[in-house]
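Beneath this line is the structure, given in structure tokens, with notes to follow.
Please treat every number below as a calculation from the coordinates, not as lab data. Because the structure is a prediction, the values reported are computed rather than measured. Counting neighbours? That spans all protein chains shown, and the Cβs are built from the backbone with ideal geometry, glycine included.
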Amino acid sequence: MTRVKRGQSATRKRRAVLKQTKGFRWSRKSKERAAKEALLHALSRAFRGRKEKKRNFREAWQMKINAAARLNGTNYSSLIHGLKVANVKLDRKILADLAEHEPKIFAKVVEKTAAK
């Protein structure tokens, strides 16, 4: 069997791992074994984090909507129910933005749901 020299490919592999761990703390950015381990965990946590991000945003929108709804004399659950009954197709992201930046328009949306 012929001899295979792997210097180039091994170095390329190492550099790729170390490039991905740039910015990590301590030896996890410079030592190959620690970097591999850190990268393994970081990638799995990044996957989980992308799912959590959606939950966190929805939670924040619900809090903003509830706070604004209470200022207008109702609460979150009755507002959402009223929106469904009135067939108003505004999602929570838009409602939260209205509640935060356009309180007068949000108040009109609340009036529309209260009328039904």
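Ellipsoid fit via the Cα gyration tensor, the chain: semi-axes of 55, 14, 10 Å, each the root of five times an eigenvalue, largest first.
Listed from fewest to most Cβ neighbours within 10 Å, the set Val4, Val85, Val109, Val17 follows the order Val4, Val85, Val17, Val109. With contacts taken as Cα pairs under 8 Å and at least 6 residues apart, the chain reaches a relative contact order of 18 percent.
A dipole drawn for the chain from +1 and -1 charges on Cβ atoms has a positive end, and of Leu39, Leu71, Val85 the residue lying farthest that way is Leu39. By the beta-carbon count within 10 Å of each Cβ, the least crowded to most crowded order of Thr2, Thr11, fewest first, is Thr2, Thr11.
Sorted ascending by nearby beta carbons within 10 Å, beginning with the fewest, Leu98, Leu39 become Leu39, Leu98.
A Gaussian network model of the chain, with springs between Cα atoms under 10 Å, assigns the largest mean-square fluctuation among Lys64, Lys89, Lys53 to Lys89.
Computed from Cα atoms, the angle from the helix 32-71 axis to the main principal axis of the chain rounds to 10 degrees.
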